[in-house]
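To start, the structure itself, in structure tokens.
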Amino acid sequence: MKITSTLFLCLLVTCTSLSAKTPFSKKLPPKNAATTYLDASFDTYDTLQKQIWSHPELGFQETFSSALHQSHLLENGFAVEAGVAGMPTAYVATYGHGFPVIGILAEFDALPGLSQDTVPYRKPLVEGGNGHACGHNVFGVGSVAGAVAIKRWLETNLVAGTVKVFGTPAEEGGGGKVYMVREGLFEGVDVVLDWHPGSGNLVSVGSGTAIRMIDYTFHGVPAHAASSPDKGRSALDGVEAFNFMVNLLREHIPISSRIHYVIVNGGEAPNVVPDYAKVSYYIRSPKRDILEELTKWVNQAAEGAATGTQTLVSSELVAGFYELLGNRTLQELVQRNLERVGGVVYDERENEFARHIVAGLNLSDTILRQVAAVQPLREERPSFGGGSTDVGDVSWNVPTVSFNTAVFIPGSAGHSWQNVASSGTTIGTKGLLNAARVFALTAIDLYSNTSLVNSAKDEFYKRRGADFRYAPLLGDRAPALDYRVKK
């Protein structure tokens with residue numbers, strides 16, 4: 001894909017306030033064709049991630065970002081199948097042949113309302129605009145970089161093996177991976193490697209939460225709110241009664257479960273009884289069976305609210321994800337390679353930027369030490385609340401492992417403007433290249449010692465259970481391609 005001179009100038013102005021290139025980590029991994037390639041490719045991936053950062057696109061609308069991924073992979077010898085599983089921005093890129101087949105997940109969607117410049121204070125580039133507050137600009141590029149590095153190693157060493165990049169849209173609510181799993185695109189894959197930008201360097205061991213995302217729409221009867229309110233039946237009353245009942249039931253749900261909502265449409269004018277109102281709900285639990293019971297209870301509350309307000313309610317299941325299924329064999333392997341790569345080391349300019357962020361959070365800058373360290377591998381533990389990801393569905397179909405590298409400034413909240421600011425700088429590039437190194441070293445281990453693959457698969461089948469049958473929580477619905485479109 002060609003970059004115009006105007007776009008390149010824009011990137012320099014908005015994205016390169018932290019442009020100095022410095023060593024990526026204190027401990028560089030062993031030299032081979034993969035790591036040598038990554039060591040020489042800072043400028044390539046710094047430019048790619050900043051292009052995507054500068055074009056933050058919402059779920060299922062990531063046309064520019066997905067095309068940039070695909071173009072780079074094609075240029076590097078991958079075969080690319082685009083528009084898979086009914087999603088125009090989804091793709092699968094493949095290089096190599098034979099066993100084992102290693103998949104790498106790549107995300108690229110942004111979040112609404114979090115536009116931000118690469119400065120350590122609040123400064124939206126576009127008021128109300130989108131922003132990469134979850135770091136998917138570096139997520140996808142780090143995955144692509146890792147895959148290209150693996151391809152270089154396979155090619156140089158004439159080793160049998162296959163690497164696949166799964167370009168997965170709409171992780172932030174749309175659940176692109178679920179449709180790809182449902183369509184069988186992960187069949188034949190032996191191991192899946194995943195990462196996510198974080199504020200530290202660690203292997204993920206939590207289960208996260210399973211989730212259902214449901215929109216509830218109430219329909220009433222319009223009327224003049226002052227002269228003839230008795231003729232009307234307020235759809236907004238239905239929504240508010242529903243929300244009130246859900247807030248009461250919170251007292252009686254497991255402490256690890258979560259329910260949250262936002263009113264999408266509550267009417268147009270106070271003097272008109274609204275005949276249409278809509279509320280979006282996320283219902284979460286670390287266990288799918290508990291999620292099932294909570295969903296039934298919330299649905300009952302919606303019906304009760306409609307009955308009590310003499311309105312009608314309908315619901316649409318927008319998306320649903322499984323909780324994560326861990327794999328200790330892969331976690332231990334990735335931990336070893338994360339320790340070989342090491343953490344992220346800031347230069348003085350990056351340190352100054354980070355210190356300003358931390359000061360704005362009223363924290364000591366000693367917290368910044370954690371970006372250069374690799375945390376020990378923790379024992380697996382059940383999750384007590386927390387976020388959800390469509391990686392969960394992948395993990396119940398293929399042995400999967402996830403890890404973090406330091407992209408965000410420690411102390412920053414998830415989905416914050418601080419994350420947008422840091423991920424669009426060289427700090428984000430250093431983090432994504434460390435992730436790419438971990439991908440490359442882990443893949444080399446798996447290609448070189450296929451007994452590791454077999455051990456991971458044996459553990460996977462044992463954990464999943466002989467009676468497991470995959471059934472997506474979003475049923476047979478088509479991808480909700482317009483779920484981010486304002487209506």
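The values are calculated or read from the model by the stated rules, or taken from the named source; none is laboratory data. Everything quoted here is computed from the prediction, not taken from an experiment. Here the Cβ is made from the backbone with ideal geometry for all residues, glycine too, and neighbour counts use every protein chain on show.
The table below lists the values:
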| quantity | calculated |
| --- | --- |
| Test set (1) over 22 Å from ARG233 (Cα atoms); (2) modelled with pLDDT of 95 or more - GLY308 fails condition number | (1) |
| Residue among GLY386, GLY431, GLY414 that alone is out of contact with any Asp or Glu (no Cβ under 9 Å at 6 or more places or on another chain) and at positive phi | GLY386 |
| Residues satisfying the stated conditions in the stretch 317-337, i.e. assigned to a strand (DSSP E or B) and surrounded by 16 or more Cβ atoms within 10 Å (Cβ to Cβ) | VAL318, ALA319, GLY320, PHE321 |
| Residue in the stretch 378-394 that is outside any helix (DSSP H, G or I), of a type in the set (A, V, I, L, M) and touching a strand residue (DSSP E or B) at 6+ places or on another chain (Cβ under 9 Å) present | no |
| Strands (runs of 3 or more DSSP E) contained in the stretch 32-115 and holding at least 3 residues of a type in the set (A, V, I, L, M) and either surrounded by fewer than 22 Cβ atoms within 10 Å (Cβ to Cβ) or at pLDDT 95 or above (or both) | 79-82, 101-106 |
| Some residue of the stretch 451-471 being surrounded by fewer than 17 Cβ atoms within 10 Å (Cβ to Cβ), polar (S, T, N, Q) and over 25 Å from the mean Cα position of the chain (by Cα) | yes |
| Odd one out for GLY343, checked against (1) assigned to a loop (DSSP other than H, G, I, E, B); (2) within 27 Å of the chain's Cα centre (by Cα); (3) not assigned by TED's automatic domain parsing to the domain that holds PRO120 | (3) |
| Complete set of residues in the stretch 168-210 that are in a loop (DSSP other than H, G, I, E, B), more than 24 Å from ILE283 (Cβ to Cβ) and of a type in the set (Gly, Ala, Ser) | GLY184, GLY188, SER199, GLY200 |
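Conditions tested, residue by residue: (1) modelled with pLDDT of 95 or more; (2) assigned by TED's automatic domain parsing to the domain that holds LEU317; (3) within 28 Å of VAL141 (Cβ to Cβ).
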{"position": "GLY431", "(1), (2), (3)": "yes, no, yes"}
{"position": "ALA436", "(1), (2), (3)": "yes, no, yes"}
{"position": "ILE444", "(1), (2), (3)": "yes, no, yes"}
{"position": "ASN454", "(1), (2), (3)": "yes, no, no"}
{"position": "ARG484", "(1), (2), (3)": "no, no, yes"}
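Okay, residues lined up against (1) in a strand (DSSP E or B); (2) assigned by TED's automatic domain parsing to the domain that holds PRO222; (3) out of contact with any Phe, Trp or Tyr (no Cβ under 6 Å at 6 or more places or on another chain); (4) over 23 Å from GLY385 (Cα atoms):
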position	(1), (2), (3), (4)
ALA269	no, yes, yes, yes
VAL279	yes, yes, no, no
TYR282	yes, yes, yes, no
ASP289	no, yes, yes, no
LEU294	no, yes, yes, no
TRP297	no, yes, yes, no
ALA302	no, yes, no, yes
GLY308	no, yes, yes, yes
SER315	yes, yes, no, yes
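Residue by residue, here is whether (1) surrounded by fewer than 18 Cβ atoms within 10 Å (Cβ to Cβ); (2) under 19 Å from GLY414 (Cβ atoms); (3) not β-branched (Val, Ile, Thr) holds:
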residue: TRP195; (1), (2), (3): no, yes, yes
residue: ASN201; (1), (2), (3): no, yes, yes
residue: SER204; (1), (2), (3): no, yes, yes
residue: SER227; (1), (2), (3): yes, no, yes
residue: SER234; (1), (2), (3): no, no, yes
residue: VAL239; (1), (2), (3): no, no, no
residue: ASN247; (1), (2), (3): yes, no, yes
residue: ALA269; (1), (2), (3): yes, no, yes
residue: VAL273; (1), (2), (3): no, no, no
